[in-house]
Structures are given as structure tokens and as C-alpha cells.
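Colleague: First the structure, then my questions, so here it is.
Readers should treat all values here as calculations from the given coordinates under stated rules, not as data from a laboratory. Keep in mind it's a predicted model, so treat the numbers as computed, not measured. Methodologically, a virtual Cβ is constructed for each residue, glycine included, from the backbone with ideal geometry; neighbour enumeration extends over all protein chains shown.
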Amino acid sequence: MCGIFGIISTKPDLVVGRQIREGLERLEYRGYDSAGIALVNNGKIELRKKSGRIAVINKHGWFDSTPGQFGVGHTRWATHGKPIQFNAHPHMDCTEKIAIVHNGIVENYQDLKKELLLRGHKFKSDTDTEIFPHLIEEFIAKGFSLKDAVIETVKKCHGAYGVVVIHADTPEYMVVARKESPLVIGIIPGETTYCASDIPAFLPLTREAIILDDDEVAILKPGEVEIFRVYEGTQKEISPFEVSYTMDAAQKTLDGVQFPWYMIKELHEVPQKIKEQVQIPQTDLDEFCKGIMESDHVFITAAGSSYYAALAGKFQITKFGGPYIEAILCSEFIDLVPNIPKNSLIIAVSQSGETADTIEAVRHARDKGDAKICSIVNQIGSSLTRYSDQVLVTTAGPEIAVASQKAFCTQVTALTLIGLRIAELYHTLPPMEIKAYRESLANTSSITKQILLKQGIIKELASKLTEYNNIYFLARGISYAAALEGALKLKEVAYIHTESYAAGESKHGPIALIEEGFPVIFVAPPDQTYSRIVGNIMEMKSRGAIVYSVVSDEDENVTSISDYVIRIPIRKNKYAVETSIVPFAFSLQLLAYYISIKKGLDPDKPRNLAKSVTVK
Ligand code: M6R
């Protein structure tokens with residue numbers, strides 16, 4: 001979380017403030033509670049920062065008109081200190097010569113701050129970040145160069161950081177450092193160097209990029225980069241690469257249609273993205289399958305929607321003949337599995353590949369237990385891919401809306417493909433069945449397309465559901481993952497309190513809340529759980545619940561006992577039913593979007609959230 005963008009250039013006509021502001025806007029998905037810019041301007045630091053979103057802060061060109069030759073900007077997702085002006089980045093030292101932006105958390109900042117206060121430093125914010133400029137100030141006062149001062153400073157800091165440091169008296173370069181928080185460098189050789197938390201910040205400006213690794217510090221000069229290892233003190237050879245993707249995703253236009261929000265544009269991309277996912281070469285899955293089948297213990301870990309995709313995936317892999325897989329939230333992983341069993345495999349699922357909790361789980365499993373890591377990641381080149389033995393890239397492409405939707409759909413599809421490939425390689429299902437499942441999975445692309453063509457009922461139900469403050473989502477089996485995803489989406493983009501339970505569990509407590517008019521949404525495909533779901537619906541109805549059900553097109557029983565239904569056009573055979581979780585979940589993602597819109601909210605940037613959660 002938090003977006004960082006810095007520029008140093010020899011380009012004579014460059015309006016640095018404006019270019020940094022534009023880059024920060026491309027990173028706003030990482031945090032958007034406050035923003036700031038600091039530029040070196042003829043031996044002084046020019047600092048501008050405020051709470052709020054960049055477009056509002058810059059309404060009269062406040063950021064764009066910042067005077068200066070080079071510098072850095074930051075868009076914040078608050079961790080330490082409220083999202084108010086004095087906690088916004090950049091932060092400065094006592095001499096006001098050094099400015100710094102930071103993404104991550106310095107875990108020992110309280111001790112460091114205490115020491116700095118005792119030595120007379122004045123702090124102006126509640127952030128952990130502010131220890132950086134004061135420590136650097138001290139090392140510089142002792143005669144260290146800016147680069148060496150940054151190296152000595154980061155050695156003192158425990159935790160995660162991506163930092164960019166500028167100094168008013170060092171106009172020829174700036175310094176960046178990284179540990180566990182992403183930092184990428186863009187370069188136009190001989191002219192300009194950029195640094196950012198993510199590639200889109202500089203993608204319209206250059207496609208040549210370098211990824212900084214953990215425990216590395218870099219000196220950035222215009223069009224020139226030098227990288228050093230913090231602990232070894234040695235210089236590393238740089239290896240730039242060409243970024244292959246484009247910024248098309250940054251438009252709200254799809255196939256000539258202009259959408260009002262990224263979320264609905266990206267929901268319209270789902271049919272195509274599923275199609276691309278099912279078309280990946282089967283052999284790309286072989287190493288993954290081998291790893292799963294040859295390990296003694298298989299864990300799957302992720303956060304949020306990716307965790308729900310993992311739950312669905314684990315269900316499919318086991319059903320198609322794979323081993324039992326233990327699903328663990330990544331934030332719980334190190335506590336629940338302190339000792340990693342021998343010959344373990346961890347499947348980590350992540351859209352961003354930057355989620356700090358997922359990375360922590362994977363590093364723990366790898367470093368403490370020598371586990372093999374197989375990741376399903378959407379962002380090519382992200383940190384998680386660097387900690388993995390095998391990577392399967394999902395085909396969702398850049399997802400800009402903060403809430404996951406197409407990423408979830410492609411993750412579930414990818415995991416289902418792995419299950420089917422295991423069935424094929426290890427002969428756990430007859431070839432005819434594998435073929436039938438694969439065809440049905442491919443057909444989910446067309447089902448999601450049909451759902452998009454018939455959104456009338458979803459919009460109608462969205463109007464009814466806007467009036468509620470509390471909603472239950474109930475389901476059984478694999479559909480429980482769809483219910484969890486639907487409930488999370490509604491919390492995130494519509495600010496409605498939702499709870500999702502395995503339907504059988506509802507009578508063990510949650511049913512106490514049911515009274516006349518309480519809304520309950522059931523996910524009820526015609527699978528082996530169907531008759532039990534009918535029973536759960538009756539239990540809710542007889543206590544006054546208003547029942548909304550997501551059912552198959554030809555459903556009769558659940559429909560007859562529900563107040564409202566959303567119909568999913570699936571074929572009437574077991575293969576179609578057992579691969580239909582994505583269309584069921586997709587209809588709930590769409591429902592959440594329309595509820596958000598009806599409530600007049602911003603579905604793309606919900607309050608308090610960020611797209612990449614890079615803090616633990
Ligand atoms: O980038 P990741 O897939 O690792 O992110 C995991 C969660 O932070 C993410 O799914 C989050 O829950 C979304 N806001 C869900 O819409």
C-alpha cells in the first residue's frame with residue numbers, strides 16, 4: 001500500500017510536479033487518503049502535501065506548479081497516524097534539507113524515535129516513517145555520503161520499506177532502498193530515471209525497467225542507475241527488462257464502450273479473461289501438478305478474495321483426484337503452522353503478488369521448513385513470483401478497481417484447470433469425464449457473458465437490497481466460497497454489514513438474528529448440497545427471513561420457496577453444475593456493484609481500502 005513515484009531527469013522542458021502528480025494518479029489504487037510532493041529547488045526542498053484524493057488536492061494545479069528540478073511524490077494508505085495533512089508524506093529532517101517517502105512499516109520505530117527525541121530531534125508527525133529523515137540527517141552530520149547514510153539507516157530499521165530519499169544539497173542524484181515493499185526503477189538511458197512502487201507509474205514514459213530486490217540500495221541519476229547490496233556493500237550488475245504490457249487497462253473503455261467505473265468495465269472483461277485462462281497450454285500446469293502430487297503435505301494460502309478462490313480451488317483439486325489440501329489464511333499461517341512438515345508444498349494465490357501476509361507465509365514456509373512454493377499470481381514480476389519455485393500467471397490482466405472481481409474469476413478457473421490436469425496426468429478420472437469438465441469450464445466464459453446481457457433482475461434486486469444494513473449469505477460445499485466472495489464484495493463496495501456462513505452452520509447460532517424481514521442470500525446450484533440447502537431455506541423462511549437465491553436457470557424447488565431469484569444459465573448436467581462456481585460468484589459481484597451505484601458510492605476506490613496490502 002502507498003504509492004511512490006520519483007523522477008530525476010536532464011530533460012530541459014520537464015514540468016516535474018505535473019509528471020509526478022500524473023504518475024501518482026496511476027498508483028492511487030495503492031492508497032488514496034492523502035498525497036504529497038517534494039522537489040529539490042535550487043538548494044531547498046519545496047514540499048506540498050494534504051489529505052484527500054490527488055485530483056481534489058491538485059484542483060487548481062497545486063501539485064503541478066511545485067517548483068523544482070527533481071523529486072518524489074507519495075499517495076498514502078494510513079498505517080501509523082491519521083490520514084491528515086501532517087502525517088502525509090514526504091517527511092523531512094530537522095534541517096529541512098532531506099525529504100523522504102516510504103511504503104511499509106518500520107516495526108522498531110518507537111525505540112528509534114525515543115532515541116532521536118533524546119538527541120534533540122523534533123518530530124512533526126505520528127508516522128513511523130519520520131525516523132528515516134532524522135537518522136539520515138545524523139549520519140550525514142557524521143560525514144557519511146547520502147548513499148551511505150541511507151545504508152546505515154536502513155540497517156537500523158526492522159520491518160518493511162520501499163523508500164526514496166532526496167537531499168537539497170545533492171542535486172545530482174537521489175537514493176532508493178527496498179526491503180519487502182516493492183520498488184521498481186524505470187529508465188530512459190542517458191536522460192531520465194524514475195522510481196515507483198509499481199510499473200504503471202512510469203509505463204507511459206518508458207518501458208525499460210529494473211526491479212530492486214530486498215536489502216538493496218540504488219543511486220538514481222538522470223538516465224543512470226547503480227545498485228548496491230546493503231549488507232555485503234558490493235555493487236550489483238543491473239539487468240533492465242522490457243515491460244510487455246500496455247496502459248490500455250487504465251482506460252474505462254472496452255470494445256468501444258465507455259463505462260462509468262473500472263469495476264463494471266472489468267466485470268465486462270470477465271468472459272474474455274476466463275476464455276484466455278482456459279486456453280493456457282496444459283503443459284504449463286505439469287510442474288504444479290507434479291509438486292502437488294509428490295508432496296506429503298499441501299497447503300493453500302491467500303488473503304481476501306484470493307483466499308476464497310483458494311477455498312474453491314482446493315475443493316476442485318481434491319474432487320478431481322488430488323490430495324487433501326489445507327487452506328489457511330496467510331495472515332494466520334505462521335501461527336497455525338509454526339513447524340512446516342517435511343516435503344510440504346505451499347500454493348500461494350494472489351492478484352498483486354505483493355500482499356505482505358502472503359509473502360510472510362511463503363517465506364516462513366520456505367525458510368523454516370524448506371517447503372516448495374507454487375504461486376498463482378496475476379502481476380508478472382511481482383515480489384511473490386520472486387519467492388516461488390513455480391509460478392502460474394492468471395490472465396486477468398491489470399485490475400484497477402480496488403475490489404477484486406476478474407482476478408477472483410481467473411484464479412478459480414486456474415485452480416480448476418490444475419485439478420483437471422492432475423486427473424489427466426494421474427488417471428484419477430476417465431478421459432471422457434475430464435473432457436466434459438473442461439468443456440463445461442470453458443463454457444463458463446459464455447455463461448458470464450449471458451449474465452451481463454441479462455442484468456435487469458440483478459439491478460432490480462440491487463434496488464431492494466440498498467435499504468438493508470445487515471445481510472446473511474448462506475451456501476454449502478464449494479458454493480460457500482461464492483457466498484464468502486459475494487458477502488465481502490458487498491462490504492467493500494456498498495458498506496453493508498454482511499456475514500457469510502456455511503448454511504448448515506447457521507442453525508448453530510447465526511439464526512438467532514433472524515426476524516421478520518431479515519434478508520438472506522442463498523447460493524443454491526443444483527449440486528449434491530441442493531436438498532440440504534432447501535432445508536436451510538425453509539428454516540430461515542419460517543422465522544421471517546426474506547430469501548434471495550441464486551439458482552440455475554431451470555430451478556424449481558428453491559425458486560418456489562424464495563422471495564426473489566437470480567437465474568444462472570447453466571446446462572443441466574453434473575459437469576456444468578460442478579464447474580459453475582465462477583458464474584454464481586460473478587452474479588454476486590455484479591449485484592454488489594449495482595448496490596454501490598444505487599447508494600451513490602465510489603465502487604472503484606472504497607474507503608479505507610487499497611489494492612495491494614503491503615503491510616502485515
Ligand atoms: O493481491 P491479493 O490477491 O493478494 O490481495 C488479497 C486481498 O487483499 C484482496 O483479495 C482483497 O480482499 C480485495 N479487496 C477483495 O476484493
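Colleague: Using each residue's phi in segment 464-473, evaluate 6.51 cos²θ - 1.76 cosθ + 1.60 at θ = phi - 60° and report the 3J(HN,Hα) Karplus result to the nearest Hz, with x for Gly and Pro.
Modeller: 5, 7, 4, 6, 8, 9, 9, 9, 9, 10
Colleague: How far is helix 406-425 tilted, in degrees, relative to the longest principal axis of the Cα atoms in the chain, given as a value from 0 to 90 rounded to the nearest 10?
Modeller: 60
Colleague: Using a 7 Å offset from the Cα along the Cα-to-Cβ direction at both residue 86 and residue 601, what is the distance between the two label points in nm, to one decimal?
Modeller: 3.3
Colleague: Still on this structure, I have one more. Going Cα to Cα from residue 50, which lysines come in below 16 Å? Please leave out same-chain ones fewer than 8 positions away.
Modeller: Filter leaves 59, 82, 124.
Colleague: Among 514, 78, 162, whose Cα projects farthest towards the positive end of the dipole of the chain, with charges put on the beta-carbon of Lys, Arg (+1) and Asp, Glu (-1)?
Modeller: The listed residue farthest towards the positive side: 514.
Colleague: Compute from the Cα atoms of segment 385-453 the Rg and the Dmax, the latter being the longest Cα-Cα distance, and quote both in angstrom.
Modeller: 14.6, 41
Colleague: Would you mind pulling out the separation of the Cα centroids of segment 97-116 and segment 459-520, in Å?
Modeller: 42
Colleague: For the chain, what does -39500 (n - 2.57) per DSSP helix run (n ≥ 4), summed and divided by total residues, give at 222 nm, in deg cm²/dmol to the nearest 500?
Modeller: -11000 deg cm²/dmol
Colleague: Scattering from the C-alpha atoms of segment 251-429 alone, worked out with Debye: what is log10 I(q)/I(0) at q = 0.17, 0.18 1/Å?
Modeller: -0.99, -1.10
Colleague: Something else: So if R0 is 45 Å, what FRET efficiency would residue 231 and residue 553 give, r being the distance between their Cβ atoms, rounded to the nearest 0.05?
Modeller: 0.15
Colleague: Let me know the shape class of segment 450-603, please: from the alpha-carbon gyration tensor, a ≥ b ≥ c as square roots of the eigenvalues, rounded when a/c is under 1.5, otherwise prolate if a/b is greater than b/c, or oblate.
Modeller: oblate
Colleague: If you add up the charges near residue 536, with Lys and Arg at +1 and Asp and Glu at -1, over every other residue whose beta carbon is less than 13 angstrom from its beta carbon, what do you get?
Modeller: Surrounding charge for residue 536 is +3.
Colleague: Suppose R0 equals 60 Å. What FRET efficiency, 1/(1 + (r/R0)^6) with r the Cβ-Cβ distance, do residue 339 and residue 464 give to the nearest 0.05?
Modeller: 0.75
Colleague: Oh, and also: For segment 459-526, just run the numbers: alpha carbon Rg, then divide by 2.2 N^0.38 Å, N being how many residues it has.
Modeller: Dividing the Cα radius of gyration by 2.2 N^0.38 Å gives 1.07.
Colleague: Further, regarding this structure: What does DSSP give for the chain in terms of the percent of beta bridges that are antiparallel, rounded to the nearest 5?
Modeller: Expressed as a percentage, antiparallel bridges in the chain total about 60.
Colleague: Mind sorting 538, 263 by how few other Cβ atoms lie within 10 Å of their own Cβ, fewest first?
Modeller: 538, 263
Colleague: What is the dipole size for segment 155-286, taken about its Cα centre, with +1 at each Lys and Arg Cβ and -1 at each Asp and Glu Cβ, in debye to the nearest 20?
Modeller: That gives a dipole near 380 debye.
Colleague: In addition: Report the FRET efficiency, 1/(1 + (r/R0)^6), for residue 44 and residue 142, where r is their Cβ-Cβ distance and R0 is 22 Å, rounded to 0.05.
Modeller: With R0 = 22 Å, the Cβ-Cβ based efficiency is 0.45.
Colleague: Can you work out D for the chain in µm² s⁻¹ from Stokes-Einstein, where Rh is the Kirkwood radius over C-alpha pairs, the temperature is 20 °C and the viscosity is 1.002 mPa s?
Modeller: Approximately 84 µm²/s, per Stokes-Einstein.
Colleague: If we count every other residue with Cβ under 14 angstrom of residue 504's Cβ, Lys/Arg +1 and Asp/Glu -1, where does the sum land?
Modeller: +1
Colleague: Please report, to two decimal places, log10 I(q)/I(0) for segment 514-569 at q = 0.14, 0.16, 0.26, 0.28 Å⁻¹ as given by the Debye formula with identical point scatterers on the Cα atoms and no solvent.
Modeller: Cα-only, vacuum Debye calculation for segment 514-569: -0.31, -0.40, -0.99, -1.12.
Colleague: While we're looking at this one, here's another question. Suppose every Lys and Arg Cβ carries +1 and every Asp and Glu Cβ carries -1, with no other charges. What dipole size does the chain come out with about its Cα centre, to the nearest 20 debye?
Modeller: Result for the chain is approximately 1160 debye, rounded to the nearest 20.
Colleague: While we're looking at this one, here's another question. Tell me, what ³J(HN,Hα) does each residue in segment 210-226 have, in order and in whole Hz, if you take phi through Karplus 6.51 cos²θ - 1.76 cosθ + 1.60 with θ = phi - 60° and put x for Gly and Pro?
Modeller: Listing the rounded values in order: 9, 9, 7, 9, 4, 6, 10, 10, 10, 9, 10, 10, x, x, 8, 9, 10 Hz.
Colleague: List the pairs from 49/489; 491/611; 342/368; 541/599; 265/406; 265/454 whose alpha-carbon separation is above 20 Å, in the order I gave them.
Modeller: Over 20 Å apart, Cα to Cα: 49/489; 541/599.
Colleague: Could you list which residues have their amide H under 5 Å from that of residue 391, counting only those 5 or more apart in sequence or on another chain, with H placed in the peptide plane?
Modeller: Those lying under 5 Å, H to H, from residue 391 are 375.
Colleague: Per 5 Å bin from zero, what fraction in whole % of the C-alpha pairs of segment 36-93 is there, up to the bin with the longest pair?
Modeller: In whole percents, the pair-distance histogram is 4, 20, 29, 24, 15, 7, 1.
Colleague: Quick one: length gained pulling residue 516 to residue 126 fully straight, 0.36 nm per residue minus the C-alpha distance?
Modeller: 135.7 nm
Colleague: Taking every Cα atom in segment 3-244, find the radius of gyration and the maximum pairwise distance Dmax, and write them in Å.
Modeller: Looking at segment 3-244, its Cα Rg and Dmax stand at 16.1, 50 Å.
Colleague: If neighbour count is taken as other Cβ atoms inside 10 Å, put 135, 513 in order from fewest to most.
Modeller: Ordered from fewest to most neighbouring Cβ atoms within 10 Å, 135, 513 come out as 513, 135.
Colleague: Could you state the per residue volume, in Å³, of the convex hull enclosing the Cα atoms of segment 84-133?
Modeller: Per residue, the Cα convex hull of segment 84-133 comes to 67 Å³.
Colleague: Further, regarding this structure: Taking the Cα-to-Cβ direction at residue 608 and at residue 172 and moving 7 Å from each Cα, how far apart do the two end points lie in nm?
Modeller: Inter-label distance under the simple model: 5.0 nm.
Colleague: Report the charge-dipole magnitude of segment 310-390 in Debye, nearest 20, computed about the Cα centre from +1 at each Lys and Arg Cβ and -1 at each Asp and Glu Cβ.
Modeller: Here segment 310-390 has a charge dipole of around 300 debye.
Colleague: Cut-off is 10 Å between beta-carbons; in what order do 349, 402 appear when sorted fewest neighbours first?
Modeller: 402, 349
Colleague: Follow-up. Give me the one-decimal nm value for the distance between modelled label points at residue 224 and residue 294, 7 Å along each residue's Cα-to-Cβ direction.
Modeller: Here the modelled spin labels are 4.8 nm apart.
Colleague: Does anyone have the angle between helix 16-25 and the longest principal axis of the chain? Alpha-carbon axes, 0 to 90°, nearest 10?
Modeller: 20
Colleague: Using the alpha-carbon atoms, what tilt in degrees (0 to 90, nearest 10) does helix 581-598 show relative to the longest principal axis of the chain?
Modeller: 60
Colleague: Here's something else I'd like to know. How much net charge surrounds residue 227 when only other residues with a Cβ under 13 Å from its Cβ are counted (Lys, Arg +1; Asp, Glu -1)?
Modeller: Every neighbour counted, the sum reads -3.
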